[in-house]
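Asks: Take a look at the following structure, please.
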Amino acid sequence: PPFDVRELEARLAAAARRWEDDLRDALIAAQGEGRGNELYRTFGSGFPAGYRDGVAARAAVPDVALMAGLSADTPLALSLYRPLEAAPDVLRFKLFHRGSPVPLSDSLPMLERMGLKVLDERPYRITPQGTEAVWMHDFGMQSAVADAEVEIDALHAVFEDAFARVFRG
């Protein structure tokens, strides 16, 4: 059968690439060569298989940026977002915590009091080079108000700030 040699070569090259290779390229594209390579050396091999299977490498770049900002003084980072093509009342919330996982009993009551139903949680232990592990809890949520359209752009900063303040006591 007829075939396109260039297309076949491109498909073989793509199949031979690892997720980590794509992450390096995405970090360099987003952060520049110096910072991108630095972040790759720190985080490139630290993602568990479940994360790599479920998250495209280019979508991991914002997660890497949030984790890079964590320290002993700032052990918590948050990200409220709506996945592409999700219904207007569906949200996801990533909670990054340096050192140890956050027990569900510490986070679920807060999220429910903030007007959300927690539908699922995907926990990941990320192991950066040269520093403590980072736990990422990725919560799937829905507005507790039926058919409510959540305006994510107006809400995310206020929501993240309120959650962080309550979390810190």
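The values are calculated or read from the model by the stated rules, or taken from the named source; none is laboratory data. Values in this document were obtained by computation on a predicted structure and should not be read as measured data. Here Cβ is always computed from backbone atoms with ideal geometry, including for glycine, and neighbour counts include all displayed protein chains. Just so you know, the surface numbers come from the protein's heavy atoms only, side chains and all, with ligands and any DNA or RNA stripped out. Shrake-Rupley method; radii C 1.70, N 1.55, O 1.52, S 1.80 Å.
Asks: If you check Val90 against the conditions, is it touching a Ser or Thr at 6+ places or on another chain (Cβ under 9 Å), open to solvent by 20 Å² or more (accessible area, probe 1.4 Å) and over 19 Å from Ala162 (Cβ atoms)?
Replies: Considered against the rule, which asks whether it is touching a Ser or Thr at 6+ places or on another chain (Cβ under 9 Å), open to solvent by 20 Å² or more (accessible area, probe 1.4 Å) and over 19 Å from Ala162 (Cβ atoms), Val90 comes out as yes.
Asks: Taking the stated definitions as given, is Phe47 at pLDDT 95 or above, at negative phi and not aliphatic (A, V, I, L, M)? Working first, answer last.
Replies: Details: at pLDDT 95 or above: yes; at negative phi: yes; not aliphatic (A, V, I, L, M): yes.
Answer is yes for this residue.
Asks: Would you mind telling me which numbered condition in (1) under 20 Å from Gly50 (Cα atoms); (2) at pLDDT below 95; (3) open to solvent by less than 70 Å² (accessible area, probe 1.4 Å); (4) not aromatic (Phe, Trp, Tyr) Leu104 fails?
Replies: Just one mismatch for Leu104, condition (3).
Asks: Only one of Ser100, Ser143 is without any contact (Cβ under 8 Å) to a residue 40 or more places away in the chain and polar (S, T, N, Q). Can you tell me which?
Replies: Step by step, each of Ser100, Ser143 is checked, and only Ser100 is without any contact (Cβ under 8 Å) to a residue 40 or more places away in the chain and polar (S, T, N, Q).
Asks: Return the pair list, or none, for Cβ contacts closer than 6 Å from residues in the stretch 84-97 that are within 15 Å of Phe159 (Cα to Cα) and touching a residue at least 40 places away in the same chain (Cβ under 8 Å) to residues that are of a type in the set (Lys, Arg) and surrounded by 14 or more Cβ atoms within 10 Å (Cβ to Cβ), at least 6 apart or on different chains.
Replies: From the stretch 84-97, the pairs are Leu91/Arg82.
Asks: I would also like to ask the following. Can you name the residue in the stretch 46-87 that is assigned to a helix (DSSP H, G or I) and open to solvent by 60 Å² or more (accessible area, probe 1.4 Å) and, of all such residues, is nearest to Arg122 (Cα to Cα)?
Replies: Quick first cut of the stretch 46-87, residues assigned to a helix (DSSP H, G or I) only: 49-54, 57-68.
Then keep just the ones that are open to solvent by 60 Å² or more (accessible area, probe 1.4 Å); that gives 52-54, 58, 62.
Numbers: Arg52: 13, Asp53: 12, Gly54: 10, Arg58: 19, Pro62: 17 Å.
Per the criteria, the residue is Gly54.
Asks: What are the residues in the stretch 144-160 that are surrounded by 10 or more Cβ atoms within 10 Å (Cβ to Cβ) and hydrophobic (A, V, I, L, M, F, W, C), if any?
Replies: Correct list: Ala144, Val145, Ala148, Val150, Ile152, Leu155, Ala157, Val158, Phe159.
Asks: Shifting gears a bit: What tally of residues in the stretch 122-143 results from selecting those that are open to solvent by less than 50 Å² (accessible area, probe 1.4 Å) and of a type outside the set (Asp, Glu)?
Replies: 11
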